[in-house]
Amino acid sequence: MSSGAPRSTWSSRWAFILVTIGSAVGLGNIWRFPYMTGAQGGSAFVLVYLLCVALVGLPLLMAEILIGRRGRGNPVSAMLKVAEENGASSWWGVLGWGGVLGALLILAYYSVVAGWIVEYMYQAIAGVKILTPEAAAQEFAGLMADPLRLIFWHTVFLALTVGVVARGVISGIERASLLMMPALFAILLFLVLWGGMVGNMRAAWHFMFDFKPELLTGQVVLSAMGHAFFSLSLGMGVIMAYGSYLDKHSSIAHNSFWIALADTLVGLLAGLAIFSLTFAHGLEASSGPGLVFHTLPLVFAHMPGGRVVGSLFFLLVLFAAWTSAISLAEPFVAWVTERLGVHRAVAAWGTGFAVWLPGVAVCLSFNDWSGWKLFGLNLFDQLDYLTSRILMPLSGLAVALFAGWIMSRENAQDEIRLPAAQFQLWRQVLRYVTILAIVLVFVYRLMNPDP
Ligand code: PHE
């Protein structure tokens, strides 16, 4: 299957952990998780979320790394190879495809949204001030109505992403993450401290961590599970691809633990930073574009040191999105490089172009093509629906079935190398709990489009 060239290996175990945290920490941690937490139960939600991570996120994270490292190849060839090793059908390779293509579809709209971040960062650095809620709404609506501006920033962001992937696994992806992730953590800590000094940290703390079990509904539990999936970059072949470059001797379980922990912590700290500043200005907590493009620019315009703090905040979001986007491109680029024997740079730029086109269509879906809808959704929402509600859970399910039921116990243990009792625990949770949970979320969210 593969070209036989020696595969890259991350420089160290911490490099792998940092690169994978880079994939996991993305827009989801900043514009979705904090509000979810506060509005859906505070610390009661945090407990439920941690449970979802423990029962679904962590077992799957380990399974993906396991398959990737065992197969030592891109997700498609890794699935094929491990299937063959276990005497299973080559149809499992098709399931590797689900993830790889899903990742490209996510990248198409992720890059458009990240483009908005670049524009807002540019404005923050330039010192543009948005002083009223009306002006903020108008500014954002203006951007949405302007196809050329949207396409321009989408192109800039995608080029940044592909530029890194083209340079290679170590000199591109690893090097970029080793620069961006520590900077991201530093900015985050600074923003939390700043929030403690000039913001209303007490109100933010109450919002995020008061124990509000009455807000926990069945729906909330399912949305927590769905978020754990998205936030840990599962079901898209991304973790598999990164796992395939992991040193044979590194512990899959320990690494996964640190990745899941850091991903959750970043979301919680981002919540404290964002909401302490938001509440200090008497504004409401919110999520999504409303938070990042309406509320926060207002906050920055009215606070001391707002230009610097605002620029740093958008830089943080840019790093979060950039490292995630890089990881979304890698599975397909790895496949093209290994399967077709094409030079990585050519594969990366070709992939970039293949993603750029649907991204342009996404840009147009906000304006010129906004009338074109399917099931009442524009292209942007369709892609989000297709990837996060259908492809991600289905291919996550395939991974769980594969690692839990198809791979032999010996085969899996040979790669995971945990003490017998812990290995058994991982395997049984994956075989029953994780699978049942994914099926539940999948069916429920398919029947109930919101949230
Ligand atoms: N985990 C990223 C986020 O939280 C998104 C992502 C999903 C990245 C799937 C890669 C694969 O924004």
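The values are calculated or read from the model by the stated rules, or taken from the named source; none is laboratory data. Because the structure is a prediction, the values reported are computed rather than measured. Positions of Cβ are generated from backbone atoms using ideal geometry, with glycine treated the same way; all protein chains shown enter the neighbour counts. Accessible surface areas use protein heavy atoms only, side chains included; no ligands, DNA or RNA. Shrake-Rupley method; radii C 1.70, N 1.55, O 1.52, S 1.80 Å.
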**Folded to 0 to 90 degrees: helix 92-126 orientation relative to the chain principal axis, Cα** = 20 degrees
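For segment 193-287, what is the accessible area per residue in Å² when the probe is 1.4 Å?
Here the per-residue accessible area is 38 Å².
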**Request:** Report, largest value first, the span of the C-alpha coordinates of segment 241-394 along each principal axis, in whole Å.
**Result:** 56, 49, 30
**Asked** Short version: ³J(HN,Hα) in whole Hz for each residue of segment 219-229, in order, from phi by Karplus 6.51 cos²θ - 1.76 cosθ + 1.60 (θ = phi - 60°), x for Gly and Pro, what are they?
**Response** 4, 5, 4, 5, 5, 4, 5, x, 5, 4, 4
**Qualifying chymotrypsin sites (Phe, Trp or Tyr not before Pro) in segment 340-396, DSSP loop, other Cβ atoms within 10 Å at most 13** = Trp372, Phe375
**Asked** Roughly what angle does helix 13-24 make with the longest principal axis of the chain, taking Cα atoms, 0 to 90 degrees, to the nearest 10?
**Response** 60 degrees
**Request:** Please work out the Cα center distance from segment 1-76 to segment 298-349, rounded to the nearest Å.
**Result:** 16 Å
**Request:** With a cut-off of at most 14 other beta carbons within 10 Å, and DSSP calling the residue loop, which chymotrypsin sites (Phe, Trp or Tyr not before Pro) in segment 41-128 qualify? Please list them.
**Result:** Trp91
**Item:** Added length on full extension, which subtracts the Cα-Cα distance from 0.36 nm per residue, Trp369 to Leu131
**Value:** 82.6 nm
**Asked** Which of the aspartates and glutamates could a cross-linker span from Lys248 if the Cα-Cα distance has to be under 14 Å and same-chain partners fewer than 8 positions apart are dropped?
**Response** Asp414, Glu415
**Message:** Helix 252-280 against the longest principal axis of the chain: what's the angle in degrees, Cα atoms only, rounded to the nearest 10?
**Reply:** 10 degrees
**Request:** Which order do the peptides 267-274, 328-335 take when ranked by the mean count of other beta-carbon atoms within 10 Å per residue, highest first?
**Result:** 328-335, 267-274
**Message:** Need the full-extension length gain, Val439 to Asp247, defined as separation in residues times 0.36 nm minus the C-alpha distance. One decimal, nm.
**Reply:** 65.9 nm
**Asked** What percentage of the solvent-accessible surface of the chain, computed with a 1.4 Å probe over protein heavy atoms, is contributed by carbon and sulfur atoms?
**Response** 69 percent
**Prompt:** What is the magnitude of the charge dipole of the chain about its Cα centre, with +1 placed on the Cβ of each Lys and Arg, -1 on the Cβ of each Asp and Glu, and no other charges, expressed in debye to the nearest 20?
**Reply:** 760 debye
**Fill in**
Under the 7 Å Cα-to-Cβ spin-label approximation, Tyr432 and Leu386 lie apart by a distance in nanometres of 3.8 nm
**Prompt:** Based on the Cα atoms of segment 13-447, what semi-axes does the equivalent ellipsoid have, where each is the square root of 5 times one gyration tensor eigenvalue, given in whole Å with the largest first?
**Reply:** 34, 25, 20
**Complete:** Under the helix-only model (-39500 (n - 2.57) for each DSSP H run of 4 or more, divided by the residues of the chain), the mean residue ellipticity at 222 nm, to 500 deg cm²/dmol, is -22500 deg cm²/dmol
